[in-house]
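Presented below is the structure to which this report refers.
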Amino acid sequence: MNPFHSKTHWMLLFGLAGFFEMSGRTFAAPVPVIENSLTEVVQKIQAAYEHTTDWKAEFEQVTQIEGFDSPITSRGTLYIKKPDKLRWDYLEPNRHQILVNEQKIWIYTPEQKQVIVSPFAEISDSQLPLHLLSGVGRLDRDFTVQWTDPARPRPQDPPSLTLIPKDPNTGLTKLLMDVDPVTYFITRLTLFEANGNQSRFQFARIRNDTGLKDRFFVFTPPKDVVVVESPLRRP
């Protein structure tokens, strides 16, 4: 079963993009760690999101599909540019690319010499992720936010949040988010689907505002690649 072709997985990717955009702010020097309330943590994540134009990071993705014993582990580099542009370069275990812009989605598998092209509208009915991508999403508006540990973190511990979507049509039951206590980068995000699937993303080497060009998010098929026009499969 391929976890990258379902509509629900695309909703997860867009949700992730919105959150990870929030985490792209950098700081010139460390600042003292102080105890923050839940509201303050949410506001600082939101502020980082609103002031970031583009970013990139290395990622590890572990997906556990309901009914399968072994998880699928993938690694690569993720690029995002607001609004509505994503590029996933998967390097392990197999090379493939996923590119998204305001018009199209490309899923390129070099080994098969094939690229599947779908219209962006196929996933645009999930309004929550699109709000996040366009810069108008708000954590406190779109989610019920709680400390993952009811005892709340100590000042020196990374904040860990549990987010419950207020919109029942997102395909998600909850998200777990770990945040760096100094920079407010999102270091880990775990997504729980309504169908029982789980996806955990770990992020490293984050860089923001590097001037990514729009053309970086457009796929030009090599001459020997077959182009397949196909809608994303609905769950």
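A DSSP coil position with no more than 13 other Cβ atoms inside 10 Å describes the following trypsin sites (Lys or Arg not before Pro) in the stretch 200-230: Lys213, Lys223.
Report relative contact order for the stretch 134-228 in percent, whole number only (criteria: Cα-Cα under 8 Å, sequence separation at least 6).
16
Rule-based calculations on the coordinates, nothing more; no lab input. The shown structure was predicted, so the numbers you read here are calculated from the model rather than taken from an experiment. Virtual Cβ from ideal backbone geometry, glycine too; neighbours counted across all protein chains shown.
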